[in-house]
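Accompanying notes for the structure given below.
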Amino acid sequence: MPCIVKKTFEAALDANSHLLVQVKDNQPSLLCAIEQAAETKTPSDHHETRTQNMRLRDETRAVEVFDAGPILKATPWNGLVKAIIRVKRTTLIRRAKDGMWDKREEVSFYVCSTMLGAKKANDAIRGHWGVENRNHYVRDVSMLEDASRIRINPGIFARTRSFALNILRANGAKNIADALWCNALDFNKILKYRYR
């Protein structure tokens with residue numbers, strides 16, 4: 001993930017827009033400040049969800065929102081970041097071999113340019129992964145975008161892949177890999193697609 005740049009938050013503020021961005025190790029001073037604050041401060045809002053039996057997983061997500069004002073007051077982020085969000089995930093993953101469960105715990109931090117509730121923050125973060133799974137993952141795996149060796153005008157081919165993906169989805173394709181395979185076997189099938 002690219003480094004969170006203050007200029008991006010400033011541009012969002014100028015455009016009357018808001019950002020919700022994950023903070024990772026590429027911003028060590030910001031990450032350290034919000035980690036320490038999350039350990040010592042009381043969250044302003046809390047939301048917990050539990051998902052069971054989804055692909056042999058049982059996941060509990062606890063989302064906490066902290067007021068960033070007092071925490072980041074003495075930093076360059078003062079006034080740009082309004083909320084700090086901590087997401088704690090505890091996941092039980094069932095092993096197919098013996099039916100036992102492995103436990104995995106993760107904590108991630110996000111910053112937002114506006115104050116929002118924990119449920120809304122949870123929905124926004126989960127919504128991002130929907131985009132990642134339905135678009136980027138499909139492009140990387142089914143359309144082999146990361147393996148592409150095209151170095152001259154790669155944007156043209158990226159738009160072509162987007163065009164193909166949009167046509168497949170507009171015509172009801174749920175499994176893109178399967179749709180690409182079926183169309184490769186029968187070229188007449190794609191000629192019957194509607195182009196909206």
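Rule-based calculations on the coordinates, nothing more; no lab input. These figures come from a predicted structure and were not determined experimentally. Glycine gets a Cβ as well: all are built from the backbone with ideal geometry, and neighbour counts include every protein chain shown.
Full extension of the chain segment joining residue 159 with residue 73 gains 26.7 nm, where the gain is 0.36 nm per residue of separation less the Cα-Cα distance. Between residue 7 and residue 114, the modelled labels are 2.5 nm apart [label points 7 Å from Cα along Cα→Cβ]. Between residue 22 and residue 145, full extension at 0.36 nm per residue minus the direct alpha carbon distance yields a gain of 41.8 nm. With a Förster radius of 45 Å applied to the beta-carbon distance between residue 170 and residue 42, the computed FRET efficiency rounds to 0.40. Using the average count of surrounding beta-carbon atoms within 10 Å as a protection proxy, the listed peptides 149-158, 75-84 rank, highest first, as 75-84, 149-158. Taking 29 Å as the straight-line reach from the Cα of residue 97, the lysines in range (excluding those fewer than 8 positions away in the same chain) are 88. Placing a label point 7 Å from the Cα of residue 184 along the Cα-to-Cβ line, the residues of segment 109-144 whose backbone N sits under 20 Å from it are 135-144. Two numbers describe the Cα atoms of segment 70-110: Rg and Dmax, which are 18.0, 53 Å. Of 24, 174, 120, the residue with the greatest mean-square motion in the GNM of the chain, using alpha carbon springs below 10 Å, is 174. Contact order, relative form, for the chain: 16 percent (alpha carbon pairs under 8 Å, 6 or more residues apart, mean separation divided by residue count). Normalising the average separation of contacting C-alpha pairs (under 8 angstrom, six or more residues apart) by the number of residues puts the relative contact order of segment 6-116 at 29 percent.
Full extension of the segment from residue 32 to residue 88, taken as 0.36 nm per residue of separation minus the current Cα-Cα distance, would add 18.5 nm.
Set against the labelled values (1) 58; (2) 70; (3) 63, percent of Cα pairs over 19 Å apart computed from this structure falls on (2). Spacing of the modelled spin labels on residue 52 and residue 152, each 7 Å from Cα toward Cβ, amounts to 6.0 nm. Placing +1 on the Cβ of every Lys and Arg and -1 on the Cβ of every Asp and Glu, with no other charges, gives segment 6-116 a dipole of roughly 360 debye about its Cα centre.
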